[in-house]
Amino acid sequence: MRKIACLYAWLPFHLYSIYKIQKDGESVDHLLLHCKVAQCLWDEVFSRVGVAWVMPRSVRDLMCCWKGIRGNVQIATVWKMIPHCIMWCVWMERNKRCFEDMEHSMAELKRFFYCTLLSWAPAIICNTDDLHTLLVSLTSS
């Protein structure tokens, strides 16, 4: 299994360099699903839509069980983008910490996630600039 480093609990980069966190690093599954930074983003989405969710063990399992929702095609399409967007944002944050010696606060990372999700779906989100309205509508479909 290929190993990479975790965003280890928001500790400052200079204290926990990507290469010093653990000898073997962390798995992709840990980085994208289970580390504290990723968990905060996942919890943000699930709490907004009122979903109780147990995170699968692996990214592959997540993608296999991430079902579309019925109803509005536009909302279902955005729902399918959420895992990809979270993983992209976590990966970008990892790279900032590893290669630029920078990190975002959790609030900044959440904003980055929402902005990225909205920028990925301009044709789908035609009549709303309010992401909360979009996420709430996901549960009502």
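The table for this structure:
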item	result
Extension gain (nm, one decimal) between residue 120 and residue 44, 0.36 nm per residue minus Cα-Cα	25.5 nm
Amide proton proximity set for residue 27, modelled H, under 5 Å, gap of 5+	4
Vicinal HN-Hα couplings computed from phi for the range 28-34 (Karplus, 6.51 cos²θ - 1.76 cosθ + 1.60; Hz; Gly/Pro x)	4, 4, 5, 4, 8, 10, 10
Label-point separation, residue 36 to residue 80 (7 Å along Cα→Cβ), nm	3.6 nm
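Only the coordinates and a few stated rules stand behind these numbers; no lab work does. None of these values were measured; they are calculated from a predicted model. Cβ coordinates were reconstructed from backbone atoms using ideal geometry, including for glycine residues, and neighbour counts include every protein chain displayed.
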